[in-house]
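Enquirer: Sharing a structure here in structure tokens format.
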Amino acid sequence: MNDVLTAALRRAADHQHRFEARFAAHLDALADPAAGPLEPPPHGRFPARALALVRELSLRGGKRLRVALLHEAAALATDRPVPGLDAAAIGIELLHTHGLIHDDLIDDAPVRRGGPSTYHAYRQEFPDRPDTALALTVLAGDLAAFLAVRALLSGDLPPERALAMATVVTDAAAAAVNGQLLDLERDFHPASETGFLHTVTEYKSTRYSILAPLRLGLLAAGADPAPHDAELRAYATALGIANQIHDDWLDLFGDPAALGKPLGTDIRAGRRSYLVRALLAATADDAPARATLHAVLGVPHPDEDALAELRDLARARGLDRTLYDEAARHAHRAATLATAWQRHWRPDAVAFFTHLPAWSVTRDH
């Protein structure tokens with residue numbers, strides 16, 4: 001790992017460290033029945049429990065890539081302290097929590113970030129009332145989304161800037177919902193075209209995980225992102241695809257302890273991911289290999305030996321290297337695009353965005 005990348009990762013870690021305490025304090029204040037701004041109902045325990053589960057999942061970890069992107073986007077425009085970054089970071093992370101809660105419900109995923117998903121936490125509490133568990137999960141995810149917008153509108157930003165930044169968050173949320181809809185539609189196709197997979201990635205994750213933080217950081221710093229929108233979009237798209245392909249790679253070839261969830265979750269769910277598309281193509285003319293794939297694909301609880309056999313088959317066909325190289329290609333494109341930003345933005349922040357893509361395809365979670 002070169003010195004510049006190491007420095008970039010150290011900056012990201014510093015942003016994450018500072019954010020964690022502020023995020024916890026914000027969520028604690030929301031939960032305070034005496035001084036909190038939400039005015040919880042005087043009766044009933046479900047509202048407090050929903051907020052507690054949102055808090056728990058939000059603070060349970062994660063890369064906080066969005067937080068680092070947001071701070072470094074502001075640093076593109078200025079080296080001075082920027083008011084509003086904490087509110088924006090809290091907003092975008094709560095929007096991420098919303099997405100995780102609903103995504104785990106749709107996928108029936110039992111584990112997230114090393115602990116039970118919100119859906120399975122409710123299922124454990126209401127084992128005889130699955131409809132109640134489902135409804136409570138939907139509402140907890142909705143609560144996180146509304147709290148995301150509230151974080152921006154209730155901060156100390158000038159009203160016009162707060163409104164512009166809240167609009168970015170709500171637009172990103174709408175894009176993510178469309179992405180989730182496309183994600184479900186994708187699985188109706190036996191083997192989706194690459195363009196369709198890129199579109200799912202763009203809407204389901206890229207726009208709120210990369211593009212929105214870039215826009216929010218610039219807006220917080222008082223810069224207008226509109227004149228640079230095309231280059232911001234191009235960078236976000238390339239980095240988003242690199243991230244998603246690497247996530248798919250980790251789903252079969254990663255370390256479950258580092259990931260905080262079992263391997264093969266997308267395969268077990270039958271998701272037509274980049275990895276599954278590659279597996280389908282690689283086994284198209286080989287009946288025994290296709291049988292190995294279908295022993296796991298779409299099977300919620302396959303034999304672990306069957307998953308290991310599929311992993312061995314994928315490695316034998318070179319899919320681990322093929323996917324890795326494809327992710328690296330998109331990461332290289334993102335880095336090249338960021339290099340051109342030196343003509344109008346601060347060099348140290350540009351260096352962060354130039355070197356970040358290399359990390360995105362070498363991370364272990």
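The values are calculated or read from the model by the stated rules, or taken from the named source; none is laboratory data. Because the structure is a prediction, the values reported are computed rather than measured. So basically every Cβ, Gly included, is an ideal-geometry build from the backbone, and we count neighbours across all protein chains shown. Ligands, DNA and RNA are stripped out before the accessible areas are found, and what is left, the full protein with its side chains, is counted by its heavy atoms. Shrake-Rupley method; radii C 1.70, N 1.55, O 1.52, S 1.80 Å.
Enquirer: Please verify whether the range 335-344 includes one or more residues that are free of Cβ contacts under 8 Å to residues at least 40 places away in the same chain, open to solvent by less than 60 Å² (accessible area, probe 1.4 Å) and more than 30 Å from Glu231 (Cα to Cα).
Expert: no
Enquirer: Another question, if that's okay. Quick check on the range 82-115: of everything there that is among the hydrophobic types (A, V, I, L, M, F, W, C) and free of Cβ contacts under 8 Å to residues at least 60 places away in the same chain, which residue is farthest from Val299 (Cα to Cα)?
Expert: Only one residue tops the list, namely Leu94.
Enquirer: Further, regarding this structure: Got at least one residue in the range 310-317 being without any contact (Cβ under 8 Å) to a residue 40 or more places away in the chain, part of a loop (DSSP other than H, G, I, E, B), open to solvent by 20 Å² or more (accessible area, probe 1.4 Å) and over 14 Å from Tyr235 (Cβ atoms)?
Expert: yes
Enquirer: Still on this structure, I have one more. Among (1) free of Cβ contacts under 8 Å to residues at least 40 places away in the same chain; (2) open to solvent by 30 Å² or more (accessible area, probe 1.4 Å); (3) farther than 20 Å from Arg112 by Cα, which single condition is Glu202 missing?
Expert: Failing condition for Glu202: (2).
Enquirer: Would you check which residues across the range 9-23 are at pLDDT 90 or above and of a type in the set (A, V, I, L, M) and list them?
Expert: Matches in the range 9-23: Ala21 only.
Enquirer: Next question, about the same structure. Write out, first by first residue and then by second, each pair whose Cβ atoms fall under 7 Å of each other, whose residues are 6+ apart or on separate chains, and whose first residue, in the range 242-266, is closer than 20 Å to Ile210 by Cα while the second is in a loop (DSSP other than H, G, I, E, B) and open to solvent by less than 50 Å² (accessible area, probe 1.4 Å).
Expert: Sorted first by the residue in the range 242-266, then by its partner, the pairs are Ala242/Val361; His246/Val361; Asp248/Ser273.
Enquirer: More than 26 Å from Asp156 (Cβ to Cβ), open to solvent by 30 Å² or more (accessible area, probe 1.4 Å) and outside any loop (DSSP other than H, G, I, E, B) - does that describe any residue in the range 209-221?
Expert: No.
Enquirer: What helices (runs of 4 or more DSSP H) completely inside the range 1-95 contain at least 1 residues that are open to solvent by 30 Å² or more (accessible area, probe 1.4 Å) and farther than 18 Å from Leu218 by Cβ?
Expert: Those helices (runs of 4 or more DSSP H) span 3-31, 46-59.
Enquirer: Please name all residue pairs, on different chains or six or more residues apart, with Cβ atoms under 7 Å, provided the first residue is in the range 141-160 and is free of Cβ contacts under 8 Å to residues at least 40 places away in the same chain and the second residue is part of a helix (DSSP H, G or I) and surrounded by 15 or more Cβ atoms within 10 Å (Cβ to Cβ).
Expert: Correct list of pairs: Leu153/Ala162; Leu153/Ala166.
Enquirer: Pairs needed: first member in the range 116-131, on the phi > 0 side of the Ramachandran plot; second member anywhere, acidic (Asp, Glu) and part of a helix (DSSP H, G or I); C-beta distance under 7 Å; at least 6 residues apart or different chains.
Expert: none
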